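**Student:** There's a structure below that I have some questions on.
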Amino acid sequence: MTQDKNLPIKIGLLLGTALGMVVISIAIIRYQTGMILRDDHTLSYVYWTIFALSIFFAVYRFRKLDAPSFSLGQTIKIGIFAGLLSGALYTIYIVILNNYIDPDLSSKIVQYYEQELASNSSELSDEDLVDSMAVTELNPAVRGGIYMLVCMAFGTAYSALSTIALKRLYSVRSK
């Protein structure tokens, strides 16, 4: 066992780096296969499953490494830093993609949404399509910042839920 006060931050940063590489890999696959232009989010769901499971296992690992300091306050640091770093890495990727690799990508996606809106063949409501167009037209750095906040919020929620679940599990086992 260790008494490193920075252990949750280190775990969060390491996990955030790994999750950042995963989300960038998924984003590259979505871009290269055209999934991004078809608004296909299948791989995004895979990422969020990986994200949730990774947070749980990171919190579990922290409990194993430093049981005396295992608390909600400490484990939330894991989720916040994992979300912050993975979101920041993804933000860097989308800024590079939208500004240097494919500057017309946002307009291509907006055209897709406009076609879906005109044909009424989309599973999304008209309001959802208009909202999606508005977000797509935002500056990539702003979209990335929003994504970073979402990652941090989910990281916080998943780490809190993991902590509660593990505390209950270990309190039942100790009885």
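Rule-based calculations on the coordinates, nothing more; no lab input. Quick caveat, the model's predicted, so the values are computed rather than measured.
**Student:** Which lysines does Lys167 reach when only Cα atoms under 25 Å apart count, and residues fewer than 8 places away in its own chain are ignored?
**Tutor:** The qualifying lysines are Lys5, Lys10, Lys64, Lys77, Lys175.
**Student:** Return a whole-number percent for the relative contact order of the chain, with Cα pairs under 8 Å and 6 or more residues apart as the contact set.
**Tutor:** 33 percent
**Student:** For the chain, what does -39500 (n - 2.57) per DSSP helix run (n ≥ 4), summed and divided by total residues, give at 222 nm, in deg cm²/dmol to the nearest 500?
**Tutor:** -27000 deg cm²/dmol
**Student:** Apply the membrane-span-like helix rule to the chain: whole DSSP H runs, Cα extent along the own long axis of at least 24 Å, mean Kyte-Doolittle hydropathy at least 1.0. List the helices found.
**Tutor:** 7-33, 72-96
**Student:** Multiply the residue separation of Arg168 and Val46 by 0.36 nm, subtract the distance between their alpha-carbon atoms, and state the gained length in nm to one decimal.
**Tutor:** 41.1 nm
**Student:** On to the next question. The list (1) 10, 32, 28, 17, 10, 3, 0; (2) 11, 42, 38, 9, 0; (3) 9, 29, 23, 15, 10, 7, 4, 2, 1, 0 gives values of P(r) over Cα pairs in 10 Å bins from 0, in percent, and only one came from this structure; which label was calculated from it?
**Tutor:** Read-out from the structure maps to (1).
**Student:** How far, in nm, would the chain grow between Ser125 and Leu149 when pulled straight, counting 0.36 nm per residue and subtracting the alpha carbon separation?
**Tutor:** Stretched fully, the Ser125-Leu149 segment lengthens by 6.1 nm.
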